[in-house]
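The values are calculated or read from the model by the stated rules, or taken from the named source; none is laboratory data. This is a predicted model, so every value here is computed, not measured. Note that we place each Cβ from the backbone using ideal geometry, even for glycine, and neighbour counts take in every protein chain shown.
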Amino acid sequence: MPSATDPTAVTPTNFQDYPNSAWGFHHVSELHRTARVWRGQGPVWGLPGQPGDLCDLKLEAPAAKQTTLGKVVAGPYVDGFIVLHRGAIAHEAYNNGMRARDPHILMSSTKSFAGSLAGILMALGKLDDSAAVTELVPSLAGTAYDGATVRHLLDMRVGLDFVEDYSDPDCDFAQMDAAMGWRSRRSPDAPDNLADFFATMRKGPPHGGAFHYVSPNSIVLGWVLEAVTGERFVELLSQLIWRPMGAEFDADLVLDSNGASQTEGGLNVTLRDLARFGELHRLGGKVHGEQIVPSDFITDFRENGDPDAWDAGTMAAMMPGFHYRSQWYTNRSHEHRPFMTLGAFGQSVFVDPVSEVVVAQLSCFPGDEEDAGFDAMFRCFYAISDHFKPK
C-alpha cells in the first residue's frame, strides 16, 4: 500500500480509502470542486487555553483493560481532537500532518449544519417543516420524494427503498458516491451527477414511519434551504452561522459536476471551528450577545425526538437509547442528555451542557476499523463528560 502521506497516491475516487484518507480528508479542495463558506472580516471567537492536561485521563478499554485519552487520540486514525470546557481549550492534538488551519471533511456531520440552518430559517418564517418537498423543489416531482415533507427529511423518516451500507461497494449509497465523483462509476451509463441519480431512487414504505438513515435526505434538505431563500447553501451558512459565530477560517463545501451542493457530507472545516459550532449549541445558540441558532430549536431536537421511530429504525442496535431529530443525535438515556453530530470514518462534535463540555474529533478510520474507532471515540466523550461533571 502507498504511504498515508503520499499525495500522489490520492485521487478523487479513492480519497476515502485508508491510507489515502489520512492525507485526502484534509486536502479535499485539491481533489474536488468546492465552494467557499466565507468567514467574513469580523473578529474571531477566541478560545482561551486553561491549565491542565487530559492525556492521563483513564478510559475503559475492551477486554476489561484500561488505556488513557492521550494514547487513544495519538492513534494513527485520529487526525484531530479538541476538548472545550466552559469555552476554553482543555486539550488539543493533531496527527497525520493535519494542522490547526487545515479544513477537514466532516462527512455526515455536515448534516447537523443543514439541520441548524433549517432551524434558523423556520424561526425567520422562511421555512415550514410541514411543507411538501416537491412543492419547494419541483424537479423532484415524480420521484421517491413525492408526498414527503420537510420534517420527514429533517428526522430521516422518508419512505425510501435505499440501502446505505458503507461496506457494500454495490449498494445504493455507493452508487450515489459514484454519481458525486467520490467513487468510480460502475459503467459509462451510470449517473454522473446527483439530479440524474435522484431520478433512479425507489419508493419504500409510507413516509413518517421508522427512522431510516439515508444521506440523500440531507442533500434534498440542502436544496430545500436553497429553494426557499434563493441563496446557495454556502452563502446561507456564511450569513447565518459562520460569520456571526466568529469562525476563524473559511470553510468549503464539495459540489457535484453540475454544481449541486453536497449537504449530506461535503463540508470541510477546521477542528477549532467545528468545536466553536458545538460550543454555540452548548450555549443555547447565543454568543457575543447575538442569538444565532434559536434556543427553542435546540431544546426541540433534544427533547422531542421520537423514541419509537428510533427504536424501530436502522441504528437502534448500535446506539440504544438515542433519538434523532432535525439532523442531530441525542442520547436520551444519559442523565445529561448530551447531543452530537456523527460522520463516517469518525467525524463528530459532542456537546454536554451539564458538564459544560464540547469535544470534537476528526478521523480517518479504515472501514475494517470503523466500529472499534467509534467505540473508542464514544468512550473518550463520556470519560471527558464524567471528568468535568458538576461535583
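Here are the numbers for this structure:
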{"quantity": "Count of residues meeting criterion [among the aliphatic types (A, V, I, L, M), part of a loop (DSSP other than H, G, I, E, B) and at pLDDT below 95] in segment 1-31", "calculated": "2"}
{"quantity": "Residues of segment 31-76 classified as of a type in the set (A, V, I, L, M, F, W, C) and without any contact (Cβ under 8 Å) to a residue 40 or more places away in the chain, total", "calculated": "5"}
{"quantity": "Residue ID - surrounded by the most Cβ atoms within 10 Å (Cβ to Cβ), chosen from residues in segment 300-344 that are under 16 Å from the mean Cα position of the chain (by Cα), among the hydroxyl-bearing types (S, T, Y) and under 30 Å from K391 (Cα atoms)", "calculated": "T341"}
{"quantity": "Hits in segment 172-198 - residues which are without any contact (Cβ under 8 Å) to a residue 12 or more places away in the chain, assigned to a loop (DSSP other than H, G, I, E, B) and under 19 Å from Q262 (Cα atoms)", "calculated": "R185"}
{"quantity": "Residues (part of a strand (DSSP E or B), in contact with a strand residue (DSSP E or B) (Cβ under 7 Å, 6 or more places away or on another chain) and farther than 14 Å from S215 by Cα) located in segment 314-340", "calculated": "F322, H323, Y329, T330, N331, F339, M340"}
{"quantity": "Count - residues of segment 32-57 that are part of a loop (DSSP other than H, G, I, E, B), under 28 Å from I241 (Cα atoms) and not small (G, A, S)", "calculated": "11"}
{"quantity": "From the options Q239, Q262, residue that is surrounded by fewer than 21 Cβ atoms within 10 Å (Cβ to Cβ) and within 26 Å of L362 (Cβ to Cβ)", "calculated": "Q239"}
{"quantity": "Hits in segment 122-145 (condition: surrounded by fewer than 23 Cβ atoms within 10 Å (Cβ to Cβ) and either touching a strand residue (DSSP E or B) at 6+ places or on another chain (Cβ under 8 Å) or at positive phi (or both))", "calculated": "G125, D129, S130, A131, A132, G142, A144"}
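Yes or no, residue by residue, for (1) more than 27 Å from G209 (Cα to Cα); (2) in contact with a Cys (Cβ under 8 Å, 6 or more places away or on another chain); (3) of a type in the set (D, E, K, R):
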position	(1), (2), (3)
E279	yes, no, yes
V287	yes, no, no
D296	no, no, yes
F301	no, no, no
N304	no, no, no
